[in-house]
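Visitor: Below is a structure I'd like to ask you about.
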Amino acid sequence: MSEPLTLGVAGLGTVGMGLIQLLSAHAPRLEKMLGRRITVAGVSARSRSKERGEGLGDARWFDDPVALAKDPSIAVFVELIGGEDGVAKAAVEAALKARKHVVTANKALLAKHGVALARLAEENGVALNFEAAVAGGIPIIKMLREALAANEVRRVYGILNGTCNFILSKMTDEKRAFADALKEAQERGYAEADPSFDIGGFDAAHKLSLLTCLAFGTTLAFDQIHVEGIQHITSADIEAATELGYCIKLLGVAVETAHGIEARVTPVLVAEESALAEVSGVTNCVGIDGDFAGNLLLVGPGAGAKPTASAVASDIVDIARGLVMPPFIRPTAALESARKLNLKAHQGNYYVRLSVYDRPGAMAAITKRMSDENVSLESIVQRRPGAVHPGQAWEPPPGAAEPAVNVILITHDTTEDAMRKALRAIEKDGKVTERPQMIRIEDL
């Protein structure tokens, strides 16, 4: 029997305590499987006085996570503090310099400093594992590092934020307004009091930056990703998408092209019969297109104590087995600088919703602006406010403002640049009551 693998766990929140409970519940099975015990030798958290039950056992308490990271009694430092800088970064750096293996669930830290930390791990011959940083319990990092290592990955995409998926699912399935669905997400603990990091798309973008580096062997930075959130999605968009046979999802997509990498987090329309449309609630999914493996889609819980603790534990098991590899598959010296593809070059079909003043000639002016940019329209649907069916007659109440109608356009294949130019011209013409809504259509 080999000597125990000793852990130092920094951060005893939901995931930290979930990990300790998992290691305790499965200790005999893990010991038989690995030929060695996994023990928690030290812990650190913000509050020593908080009640945590008996799960900590004989673990030593450290007020300073950096001191825990450097302590000779531990072989693996598990960082579950969070945050892209500050004590989390200092503790991880200290652990790597002290030649301790590191396991982290910190996507923000890795999105900002991942390549530098990977280089530090390689220099010291230790592991930097982060399965739990992307999509919770879905083993997507292992899939890219191991199972698909011999493939050339052409595209990686997914529903990477459970909060947004929950809100959009509620709006679609229960006809709820955005604010109402967001309030329920907060009440259930799926969204923070300040939900902007989730609904603004930034959480998903952190995860996509890691997937992009792994998939394409690049150093793509978080700030090279085009990010749009779901805060501007309305019930009118949800209803129109449903009528047209689509549903709206917040999707992270990274595609490698001959001209660079297109990486974006945006709301998209996907066909209601697609697999992505079936992913509802807080569930996540990640898709990979490999040249030999084909198209793969992994679906599962993207957050929560048990799924995330399971992902953290899987990284610890790898270390217990002696498996150490470059964090981003290739050695950091072999990672290429990513060439960012300007989103203006993106090509595809688009959904557009316009609130158009009900005036003679308004639609003719709009279609001319589209034609000026060589944008061909596949369909035009007019939906009057308060109408049950497209085109149904509606009269504004006495004294109401100038009437307007919702007009839904679906385009043929065109470029992002052409779409933005046409919509800017339409808005400038004064034919619409508000800024046009544009959502990309994905064929997945």
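No lab work stands behind these numbers, since they all come straight from the coordinates. Keep in mind it's a predicted model, so treat the numbers as computed, not measured. Reconstructed Cβ throughout: ideal geometry from the backbone, glycine too, with neighbour counts over all protein chains shown.
Visitor: Need one number: the % of Cα-Cα pairs in the range 155-301 sitting beyond the 24 Å mark.
Guide: Summing the P(r) of the range 155-301 above 24 Å gives 30 percent of all pairs.
Visitor: How big is the Cα convex hull of the chain in projection, averaged over all directions, in nm²?
Guide: Numbers: hull surface 95.6 nm².
Averaged projected hull area, Cα only: 23.9 nm².
Visitor: Also: Spelling out what I want: for every residue of the range 158-168, take phi, set θ = phi - 60°, compute 6.51 cos²θ - 1.76 cosθ + 1.60 (Karplus), and round to whole Hz; glycine and proline get x.
Guide: In residue order, the calculated couplings are x, 8, 10, 9, x, 4, 5, 5, 4, 4, 5 Hz.
Visitor: How big is the dipole moment of the range 5-133 about its Cα centre under a simple scheme where the beta carbon of each Lys and Arg is +1, that of each Asp and Glu is -1, and everything else is neutral? Debye, nearest 20, please.
Guide: Here the range 5-133 has a charge dipole of around 180 debye.
Visitor: Dipole size in debye (nearest 20) for the range 88-170 around its Cα centre, Lys and Arg Cβ +1, Asp and Glu Cβ -1?
Guide: 200 debye
Visitor: Taking the dipole about the Cα centre of the chain, with the C-beta of Lys and Arg at +1 and of Asp and Glu at -1, give me whichever of Ala333, Thr367, Pro195 is farthest to the positive side.
Guide: Final value for the positive-end residue is Ala333.
Visitor: Let me ask something else. Through the Karplus equation 6.51 cos²θ - 1.76 cosθ + 1.60, θ set to phi - 60°, convert the phi angles of the range 210-219 into ³J(HN,Hα) values in whole Hz; use x for Gly and Pro.
Guide: Using θ = phi - 60°, the values come out as 5, 4, 5, 4, 5, 6, 10, x, 10, 10 Hz.
Visitor: Now, a different point. Counting only residues 5 or more places away or on other chains, whose amide H sits under 5 Å from the amide H of Arg60 once H atoms are built in the peptide plane?
Guide: Correct list: Gly42, Val43.
Visitor: Starting from the amide H of Ile38, placed 1.01 Å from N in the peptide plane, find each other amide H under 5 Å away whose residue is 5 or more places distant or on another chain.
Guide: Leu5
Visitor: Moving on. Taking 2.2 N^0.38 Å as the expected size of a compact globular protein, what ratio does the Cα radius of gyration of the range 265-310 give against it, to two decimals? Walk me through the intermediate numbers first.
Guide: On the way: Rg = 12.8 Å, N = 46, 2.2 N^0.38 = 9.4 Å.
The value comes to 1.36.
Visitor: Further question: Where the eigenvalues come from the Cα gyration tensor of the range 98-241, what are the semi-axes √(5λ) of the equivalent ellipsoid, largest first, in whole Å?
Guide: Computed over the range 98-241, the values are 33, 16, 13 Å.
Visitor: Right, another one. Compute the long axis of helix 416-429 from its Cα atoms, compare it with the longest principal axis of the Cα atoms of the chain, and write down the angle in degrees, 0 to 90, nearest 10.
Guide: Long axis of 416-429 versus the principal axis of the chain: about 50 degrees.
Visitor: If you take every DSSP beta bridge fully contained in the chain, what fraction is antiparallel? Give it as a percent rounded to 5. Provide the component values of the computation, followed by the final result.
Guide: Values: 51 of 75 bridges.
Within the chain, antiparallel bridges account for around 70 percent of the total.
Visitor: Once the Cα gyration tensor of the range 5-133 is found, what semi-axes does its equivalent ellipsoid get, as square roots of 5 times the eigenvalues, in whole Å, sorted largest first?
Guide: 22, 17, 13
Visitor: With unit charges on the beta carbons (Lys and Arg positive, Asp and Glu negative) and the dipole taken about the Cα centre of the chain, which residue among Gly42, Leu409, Ala149 sits farthest to the positive side?
Guide: Of the listed residues, the answer is Gly42.
Visitor: Hey, which of these cross-link pairs are over 18 Å Cα-Cα: Lys170/Lys306; Lys107/Lys207; Lys70/Lys112; Lys100/Lys306?
Guide: Lys170/Lys306; Lys70/Lys112; Lys100/Lys306
Visitor: Give the cross-link partners of Lys340 among the aspartates and glutamates, using a straight C-alpha distance below 13 Å as the criterion and excluding same-chain residues fewer than 8 apart.
Guide: Here the aspartates and glutamates satisfying the reach criterion relative to Lys340 are Asp223, Glu256, Glu262.
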